[in-house]
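Okay, so here's the structure we're looking at.
The values are calculated or read from the model by the stated rules, or taken from the named source; none is laboratory data. The shown structure was predicted, so the numbers you read here are calculated from the model rather than taken from an experiment. In this analysis, Cβ positions are derived from the backbone assuming ideal geometry, glycine residues included, and neighbour counts consider all displayed protein chains.
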Amino acid sequence: MLEDTIAAIATPLGEAGIGIIRISGPHALDIAGRIFKPKYNTNWASEPGFRMVYGQIINPKNKEVIDEVLVSKMIKPKSFTGEDVVEINCHGGILPLRKTLELVVSNGARLAEPGEFSKRAFLNGRLDLAQAESIIDVIRSQTEAGLKLSMGQLQGKLSKKINELQDHLLGMLAQIEANIDFPEDDIEEASIMEIHNKSREIIKEISRLIEGAESGRIYREGVQTLIVGRPNVGKSSLLNALLKEDRAIVTDIPGTTRDIIEEIVNIGGIPLKIIDTAGLRETEDIVEKIGVDRTKELINKVDLVLFVLDAADGYTQEDEKIFKEIQKKKIIVIVNKIDIKDNKIKEIESKFNKVIELSALLGEGLDILENKITDLVLGGKVNIKDEVLVTNMRHKQALEKAKHYTQEVIDAINKGVPPDLISIDVKNAWEALGEITGTSVGEDLIDRIFKDFCIGK
Ligand code: GDP
């Protein structure tokens, strides 16, 4: 299956200092040897590898010089994929990269599919599945906290935990099997109790991982957030204050923020994906109406709503109308423009018992809002410093399955079911955990996971 040699451009296409072509497979070294001419060391084939060699990429047919490059070879099995790998550092323009890749392909490689390098790393045992999946999370992390979690997973923190749980289950299995072979009553009684206790501990551990998964998801995927409020209450100003840069258009004319803008703001490590929209006000203005209808649609989709009120206006009928649309969501009520002296904050506070008072204009009160957001979305529970946090929903589902089967073990023991039947549930729990690290997954799932990756990774 892995007989062929694959190649791809591993860096984004565009103008850059360098761009890298990656080749992996049994012919990677021959192919590179045919098109690469080192400047000083003419015998590249006998190079020990793991260092960069300077030279040129030359078309062997017409001797055309394509680019000046640095080439490194990583000899199997000590490479990312576990196969022979060559990386060619070209100049970072579309043409040198494309022409070099064409040469690589015409000399015997084929174009790699998305994620195929990582898939090979997994199939060759260089990484387990949870580690391979974390690569894409490392690439896509939006905050430092998210990066830290993904790096922990890449380094095998989650896998270690899963392997430990699997080892406990294997220990239980051995104990059950010993019982089947030597079914003397008193031995059985003692060890059945031990299996019962171990199962309870495993369930406790798995439950802890499941509980952390919601926070893990939030760190990884972010929180879809909508800023709503009447025109002119300061929604765009608030978004800008959070972004600390003027990206959205701020104006005095009501209803001019017509396009829906999404921006990512880092709030205590959580990527807050804020959507800024036109107000929910009913209006004759057709252009604004489009924005308004889209807003209503968005309300259903988002995780969090920031409801902005204007301290100078107090709580108006229009505000009440908007509130009716959002009251079922997770809401933070914000009273903006508290810098205005003659205000009606009291009127608003009599309606809502908890509001965040701020001035988007002066940047006052933003820290309180940020704390409120982290409290609300994480429930104040998470400390990502020392915990293994499950960030992937596929892993969470596998954990739930493993928990279910382990619970079945306990139920079976309580009902006095014979040991050989209990062992089936133990095996099922072991397999469910193996779905996370990839010891028990089908080819379909593997294909699906790696298709999500980018080309060249
Ligand atoms: P939007 O229509 O809700 O997006 O409101 P904008 O952000 O466009 O703001 C409308 C007007 O209110 C602008 O003139 C802002 O400068 C002003 N504004 C926004 N926030 C504050 C604030 O905290 N204090 C004061 N005094 N004015 C503000």
- When you go through ILE66, ILE35, ILE57, ILE23 one by one, which is the residue that is within 23 Å of LEU123 (Cα to Cα) and at pLDDT 95 or above? ILE23
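Basic (Lys, Arg), free of Cβ contacts under 8 Å to residues at least 24 places away in the same chain and either farther than 12 Å from THR100 by Cα or not assigned by TED's automatic domain parsing to the domain that holds SER106 (or both), is that true of LYS39?
Values: basic (Lys, Arg): yes; free of Cβ contacts under 8 Å to residues at least 24 places away in the same chain: yes; either farther than 12 Å from THR100 by Cα or not assigned by TED's automatic domain parsing to the domain that holds SER106 (or both): yes.
It is true that LYS39 is basic (Lys, Arg), free of Cβ contacts under 8 Å to residues at least 24 places away in the same chain and either farther than 12 Å from THR100 by Cα or not assigned by TED's automatic domain parsing to the domain that holds SER106 (or both).
If we scan the range 414-425, do we find a residue that is modelled with pLDDT of 90 or more, farther than 30 Å from ASN266 by Cα, hydrophobic (A, V, I, L, M, F, W, C) and not assigned by TED's automatic domain parsing to the domain that holds LEU239? Steps first, answer last, please.
Applying the first criterion (modelled with pLDDT of 90 or more) to the range 414-425 yields 414-415, 422-425.
Now drop any that are not farther than 30 Å from ASN266 by Cα, which leaves 414-415, 422-425.
Then keep just the ones that are hydrophobic (A, V, I, L, M, F, W, C); that gives 422, 424.
Imposing the further condition that a residue be not assigned by TED's automatic domain parsing to the domain that holds LEU239 reduces the set to 422, 424.
So far as the range 414-425 goes, yes, one or more of its residues are modelled with pLDDT of 90 or more, farther than 30 Å from ASN266 by Cα, hydrophobic (A, V, I, L, M, F, W, C) and not assigned by TED's automatic domain parsing to the domain that holds LEU239.
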- Item | Count - residues of the range 320-351 that are within 12 Å of the ligand (Cβ to nearest atom) and either among the aliphatic types (A, V, I, L, M) or surrounded by 14 or more Cβ atoms within 10 Å (Cβ to Cβ) (or both) | 9
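With GLY19, GLY33 as the choices, which residue is touching a helix residue (DSSP H, G or I) at 6+ places or on another chain (Cβ under 9 Å) and in a helix (DSSP H, G or I)?
Numbers: GLY19 fails: in a helix (DSSP H, G or I).
Residue meeting the stated conditions: GLY33.
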- Within the range 120-147, count every residue that is charged (D, E, K, R) and either surrounded by fewer than 17 Cβ atoms within 10 Å (Cβ to Cβ) or in contact with a strand residue (DSSP E or B) (Cβ under 7 Å, 6 or more places away or on another chain) (or both). 3
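Just checking: which of the helices (runs of 4 or more DSSP H) contained wholly in the range 342-430 hold 1 or more residues that are more than 30 Å from SER237 (Cα to Cα)? Step through it out loud before you land on a result.
Values: elements: 345-349, 366-378, 393-415.
Helices (runs of 4 or more DSSP H) meeting the threshold: 393-415.
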- Options GLY25, GLY33; residue that is in contact with a Leu (Cβ under 9 Å, 6 or more places away or on another chain) and surrounded by 15 or more Cβ atoms within 10 Å (Cβ to Cβ): GLY25
- Out of (1) farther than 30 Å from HIS168 by Cβ; (2) more than 12 Å from the ligand (Cβ to nearest atom); (3) in contact (Cβ under 8 Å) with a residue 60 or more places away in the chain, what's the single condition that is false for LEU306? (2)
- Item | Leading residue by the ranking (surrounded by the fewest Cβ atoms within 10 Å (Cβ to Cβ)) among those in the range 352-364 that are within 16 Å of the ligand (Cβ to nearest atom) and under 23 Å from GLN224 (Cβ atoms) | VAL355
- Task: Would you check if GLY268 is in the same structural domain as GLU370 (by TED's automatic domain parsing) and at pLDDT 90 or above?
- Result: no
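Restricting to the range 345-360, count the residues that are touching a Lys or Arg at 6+ places or on another chain (Cβ under 7 Å) and of a type outside the set (S, T, N, Q).
As a first pass, look at the range 345-360 and keep what is touching a Lys or Arg at 6+ places or on another chain (Cβ under 7 Å): 356, 359.
Retained after the next criterion (residues that are of a type outside the set (S, T, N, Q)): 356.
Residues meeting the conditions: 1.
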- Query: Of the residues that make up the range 310-319, is at least one within 16 Å of the ligand (Cβ to nearest atom), of a type in the set (Asp, Glu) and either in a helix (DSSP H, G or I) or under 20 Å from ASN371 (Cβ atoms) (or both)?
  - Reply: yes
- Collect the residues in the range 220-236 that are more than 13 Å from ILE331 (Cα to Cα), within 6 Å of the ligand (Cβ to nearest atom) and either modelled with pLDDT under 90 or crowded, with 23+ Cβ neighbours inside 10 Å (or both), keeping them in residue-number order. PRO231, VAL233, GLY234, LYS235, SER236
- Close pairs from the range 333-355: first in contact (Cβ under 8 Å) with a residue 60 or more places away in the chain and at positive phi, partner within 10 Å of the ligand (Cβ to nearest atom) and among the acidic types (Asp, Glu), Cβ under 6 Å, at least 6 apart: LYS337/ASP310
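Taking the stated definitions as given, is GLN166 in contact with a strand residue (DSSP E or B) (Cβ under 8 Å, 6 or more places away or on another chain), farther than 15 Å from ASP452 by Cβ and either surrounded by 17 or more Cβ atoms within 10 Å (Cβ to Cβ) or without any contact (Cβ under 8 Å) to a residue 24 or more places away in the chain (or both)? Show your work before the answer.
On the way: in contact with a strand residue (DSSP E or B) (Cβ under 8 Å, 6 or more places away or on another chain): no; farther than 15 Å from ASP452 by Cβ: yes; either surrounded by 17 or more Cβ atoms within 10 Å (Cβ to Cβ) or without any contact (Cβ under 8 Å) to a residue 24 or more places away in the chain (or both): yes.
No; evaluated as a whole, the condition is false for this residue.
Can you name the residue in the range 36-84 that is of a type in the set (D, E, K, R) and not in a loop (DSSP other than H, G, I, E, B) and is also nearest to the chain's Cα centre (by Cα) among such residues?
The initial filter retains those residues of the range 36-84 that are of a type in the set (D, E, K, R), namely 37, 39, 47, 51, 61, 63-64, 67-68, 73, 76, 78, 83-84.
When the remaining residues are screened for being not in a loop (DSSP other than H, G, I, E, B), the result is 37, 67-68, 73.
Values: LYS37: 41, ASP67: 36, GLU68: 37, LYS73: 30 Å.
Within the range 36-84, the match that is nearest to the chain's Cα centre (by Cα) is LYS73.
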